[in-house]
Amino acid sequence: MSRALTLKQNTEFHRAYGKGKVKASPRLVTYAVRGRGPGCRIGITAAKKLGSAVERNRCRRIIRAAFSSVYPFCSGNWDIVFVARFKTKQLKSCDLVPVMQKHLTELGVIRGNAGADLK
């Protein structure tokens, strides 16, 4: 499995927030915008209100692990930003995969039934 590239610049995140489409649930918020470079790039944010650095890093690890199982089904060039919510830290990555797959399908990152194997 090849790893997805990551968003690092603040302007890249703000571009996704401002121009991207958004899907939200109590567990995760997903922003997606057409990318300028090749392949899918992701960014993960976790606000300080989620808790200590240990808890925020756990949320990032959970989201990254869930995305690793969804990544092979992504098509096209997309910049995706995932925002952790309070319920994210109580989940396991396998619990977050269906939510992430639903968001990405509705946003058009995953085409048709390509992600049906994940359920």
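Dividing the summed -39500 (n - 2.57) terms of all DSSP H runs of n ≥ 4 by the residue count of the chain sets its mean residue ellipticity at 222 nm at -11500 deg cm²/dmol.
Give the percent of DSSP beta bridges with both residues in the chain that are antiparallel, rounded to the nearest 5. Counting DSSP beta bridges with both partners in the chain, the antiparallel share is about 60 percent. Within the accessible area of the chain, the carbon and sulfur atoms contribute 52%, probe 1.4 Å, all protein chains present. The lysine pair tally for the chain, using Cα distances under 16 Å and a gap of 8 or more places or different chains, is 9. Residues of segment 83-99 falling in the label zone of Glu106, defined by backbone nitrogen less than 16 Å from a point 7 Å along Cα to beta-carbon, are 83-85, 96-99. Taking Rg and Dmax of the Cα atoms in Å as calculated from this structure, the corresponding entry among (i) 15.1, 47; (ii) 13.2, 39; (iii) 14.8, 54 is (ii).
Computed extension length for Arg64-His14: 16.0 nm, one decimal, from 0.36 nm per residue of separation with the Cα-Cα distance subtracted.
Mean-square fluctuations from a GNM of the chain, with a 10 angstrom spring cutoff on Cα atoms, peak among Cys40, Cys59, Cys94 at Cys94. Solvent-accessible area per residue in the chain equals 56 Å², computed with a 1.4 angstrom probe and all protein chains kept. Computed on protein heavy atoms with a 1.4 Å probe, the accessible areas place Thr88, Thr105 in the order Thr105, Thr88, largest first.
The values are calculated or read from the model by the stated rules, or taken from the named source; none is laboratory data. Quick caveat: nothing in here was measured; it's all calculated off a predicted structure. So basically every Cβ, Gly included, is an ideal-geometry build from the backbone, and we count neighbours across all protein chains shown. Side chains included, ligands, DNA and RNA excluded: accessible areas come from the protein's heavy atoms. Shrake-Rupley method; radii C 1.70, N 1.55, O 1.52, S 1.80 Å.
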